[in-house]
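Data first, discussion second: the structure below is written as structure tokens.
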């Protein structure tokens, strides 16, 4: 069922068993799992079914520290969320990510990769990725020309990405959600406040507003905040009428430890003999390899998790770093710019007269490749989301993001290239060349061209200990019995790979937990009767 | 007159461009036949000038190796140098390639002008820059 909240009567009360705030990858994955259950699900979406710049404007904020994208254009605010323009890159987090890694402060998840595996399996269906997606052997049997580098397998391995079409959740799941009998989707319902009981141990209701001037309240036995990494923190911090520091923020953790997923053009690989590097190109529509460092080497060298992709140098040089050009506050304009730049770099390739005599296959051969590092960011309490004094049109303070790194990021980048360079030397395939910004070992800063993947993590981090995390292993806020957080804001650490696949897996896990909790509540209330 | 002028201009232009071309080709072939100053893998994507610059940078990083004598002693230990087999360029080249690989295996790696190269390669470049 779909209700446009702009046409509700003012001060209406909406009641349900569970209220999901946000209809992006996380919120929709939970709603899909709760479909056809006996529970009434209220799904609140701040925007409509299409991009609307006035709605997007509610996300505008300030940034300081390391240069970052405009907050307004870094997440999408309509049904389907940021899947409206994501690239579809999926790969699971490695088991090492979930471990306590002593050299990374505040690392360690309260769950293991093994515990998440069944949910990764289920998440494949939401994201339309195949069953053999991450098995290099499988893909090499399908296509023997997908050759991996001849490196020592105890040092470097090829991690496989699988590509979602990419699934646009807004398009794919709109009818399913709207036609689901127990899902009540409210569009143009922006949560502006959360009200808890007197002890602040249980949320009673959330207040929603829109530009039509309507203010309504939603009650439910359980609430899930699924508004993505920056907005989850913003909503909690802004709910400060009962807790001055914000809801769930007794230990001053909400908004802290903001992490991105770094993407840096940082080195070149020059080959002795030209190669297509087919396995490592975006050649196949569904699969691509990237170089990753074996876990025992990450432990030995005390480095962050990072992976390296390859693009022919002549093409890479024509594509600017995202951070320097994704500067428009309208995400559609930013997207258009990069689509055009990529087309010009890849599509309108000037072919030399003599080169045109060569076969198509030979023309794909290259001697030099840009290496792009994708690196997890170390948790850093100074990298954080806070509130601005300025408020949006609905009266909610805007988000302020201060993006900051530790010294571990640069150390890790250098070490990873050192390892790859050594393997390239031992095998005699070529040599690695570092970019100038990495040369000074004493300089811990990262270049201003350091981009993020628009992946916002860590602002409501997960830990069994309330002093180290906002939510527990079930993604429930410590001290509040019925308020949960979905999405990458719960990640205590990021990874070298993109977070969407893990967001969906973790959301399905949360949905299973909620179903159990609701079932138990129902059993108890039936027992009382 | 015009025809004669044309021929003269053509010969002069041909000589002006041809001689440096032939000279450079000759130099390249001589250079490539000297394994000690020809890091073979690096040479597949670095031109002679870049390699010379690598060598200059290496000598700045390691002033103790700022002489031909020093560099030669690292590249070819005396005993081996005296061995008659080293008159064989191919063998010499092969031995240097092995030495480069051993450097990488033993972590004798140095970053010069951004390049992650072996110590042996760096010394070959340094020797080239002194030649």
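The values are calculated or read from the model by the stated rules, or taken from the named source; none is laboratory data. Being a predicted model, the structure only gives us computed values, none of them experimental. So basically every Cβ, Gly included, is an ideal-geometry build from the backbone, and we count neighbours across all protein chains shown.
Being within 14 Å of chain B (Cβ to nearest Cβ), crowded, with 24+ Cβ neighbours inside 10 Å and in contact (Cβ under 8 Å) with a residue 60 or more places away in the chain is a description that does not apply to residue A:461.
Filtered by the rule that a residue be part of a loop (DSSP other than H, G, I, E, B) and crowded, with 20+ Cβ neighbours inside 10 Å, the range A:181-214 gives A:188, A:189, A:210. Filtered by the rule that a residue be crowded, with 19+ Cβ neighbours inside 10 Å and either more than 7 Å from chain B (Cβ to nearest Cβ) or under 28 Å from residue A:107 (Cβ atoms) (or both), the range A:424-436 gives A:424, A:430, A:432, A:434. Only residues that are touching a helix residue (DSSP H, G or I) at 6+ places or on another chain (Cβ under 8 Å) and closer than 18 Å to residue A:369 by Cβ were counted across the range A:425-448, and they come to 7. Close Cβ contacts (under 8 Å, 6 or more residues apart or on different chains) running from residues in the range A:172-191 that are in the same structural domain as residue A:232 (by TED's automatic domain parsing) and within 21 Å of residue A:127 (Cβ to Cβ) to residues that are at pLDDT below 95 and assigned to a strand (DSSP E or B) are absent. Test residue A:317 against the criterion of being out of contact with any strand residue (DSSP E or B) (no Cβ under 9 Å at 6 or more places or on another chain) and within 19 Å of residue A:342 (Cβ to Cβ), and give yes or no. For residue A:317, the condition - out of contact with any strand residue (DSSP E or B) (no Cβ under 9 Å at 6 or more places or on another chain) and within 19 Å of residue A:342 (Cβ to Cβ) - is not met.
Within the range B:108-131, the set of residues being in contact with a helix residue (DSSP H, G or I) (Cβ under 8 Å, 6 or more places away or on another chain) and under 17 Å from residue A:436 (Cβ atoms) comprises B:110, B:112, B:113, B:114, B:115, B:116, B:117.
Per-residue answers, yes or no, for (1) part of a loop (DSSP other than H, G, I, E, B); (2) in contact with a helix residue (DSSP H, G or I) (Cβ under 6 Å, 6 or more places away or on another chain); (3) surrounded by fewer than 16 Cβ atoms within 10 Å (Cβ to Cβ); (4) in the same structural domain as residue A:331 (by TED's automatic domain parsing):
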{"site": "A:102", "(1), (2), (3), (4)": "yes, no, yes, no"}
{"site": "A:117", "(1), (2), (3), (4)": "no, no, yes, no"}
{"site": "A:124", "(1), (2), (3), (4)": "no, no, no, no"}
{"site": "A:137", "(1), (2), (3), (4)": "no, no, yes, yes"}
{"site": "A:141", "(1), (2), (3), (4)": "no, no, yes, yes"}
{"site": "A:146", "(1), (2), (3), (4)": "yes, yes, no, yes"}
{"site": "A:151", "(1), (2), (3), (4)": "yes, yes, no, yes"}
{"site": "A:158", "(1), (2), (3), (4)": "no, yes, no, yes"}
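When the range A:437-446 is filtered for residues that are within 14 Å of another protein chain (Cβ to nearest Cβ) and in contact (Cβ under 8 Å) with a residue 60 or more places away in the chain, the ones remaining, listed by number, are A:437, A:438.
Let's see how each residue does on (1) modelled with pLDDT under 95; (2) out of contact with any strand residue (DSSP E or B) (no Cβ under 7 Å at 6 or more places or on another chain); (3) in a loop (DSSP other than H, G, I, E, B):
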position: A:440; (1), (2), (3): yes, yes, yes
position: A:444; (1), (2), (3): yes, yes, yes
position: A:460; (1), (2), (3): no, no, yes
position: A:465; (1), (2), (3): no, yes, yes
position: A:469; (1), (2), (3): no, no, yes
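Taking the criterion of being surrounded by fewer than 17 Cβ atoms within 10 Å (Cβ to Cβ) and more than 10 Å from chain A (Cβ to nearest Cβ), the residues of the range B:94-105 that qualify are B:94, B:98.
Restricting the first member to the range A:312-339 and to residues that are not assigned by TED's automatic domain parsing to the domain that holds residue A:276, and the second to residues that are surrounded by 15 or more Cβ atoms within 10 Å (Cβ to Cβ), no beta-carbon pair is closer than 9 Å while six or more apart or on different chains. With respect to residue A:94, determine if the residue is under 22 Å from residue A:498 (Cα atoms) and surrounded by fewer than 23 Cβ atoms within 10 Å (Cβ to Cβ). The answer is yes for residue A:94.
Of the strands (runs of 3 or more DSSP E) that lie entirely inside the range A:215-296, those containing 3 or more residues that are more than 25 Å from residue A:83 (Cα to Cα), more than 14 Å from every other protein chain (Cβ to nearest Cβ) and in contact with a strand residue (DSSP E or B) (Cβ under 7 Å, 6 or more places away or on another chain) span A:215-219, A:287-293. The residues of the range A:393-402 that are surrounded by fewer than 22 Cβ atoms within 10 Å (Cβ to Cβ) and either under 26 Å from the mean Cα position of the chain (by Cα) or within 12 Å of another protein chain (Cβ to nearest Cβ) (or both), listed by number, are A:396, A:397, A:398, A:400, A:402. Would you say residue A:520 is within 24 Å of residue A:24 (Cα to Cα) and surrounded by fewer than 18 Cβ atoms within 10 Å (Cβ to Cβ)? Here the answer is no, as residue A:520 does not meet what is asked. Taking the numbered list (1) buried (at least 24 other Cβ atoms within 10 Å of the Cβ); (2) within 19 Å of the chain's Cα centre (by Cα) in turn, residue A:71 passes all entries but (1). Of the residues contained in the range A:403-418, one or more are found to be crowded, with 18+ Cβ neighbours inside 10 Å, under 30 Å from residue A:58 (Cα atoms) and more than 10 Å from every other protein chain (Cβ to nearest Cβ). Within the range A:105-156, the set of residues being under 21 Å from the mean Cα position of the chain (by Cα) and at pLDDT below 90 comprises A:130, A:133.
Within the range A:76-99, the set of residues being part of a loop (DSSP other than H, G, I, E, B), modelled with pLDDT of 95 or more, over 16 Å from residue A:187 (Cα atoms) and out of contact with any strand residue (DSSP E or B) (no Cβ under 8 Å at 6 or more places or on another chain) comprises A:92, A:93, A:99. The single condition among (1) surrounded by 16 or more Cβ atoms within 10 Å (Cβ to Cβ); (2) in contact with a strand residue (DSSP E or B) (Cβ under 6 Å, 6 or more places away or on another chain) that residue A:108 does not satisfy is (2).
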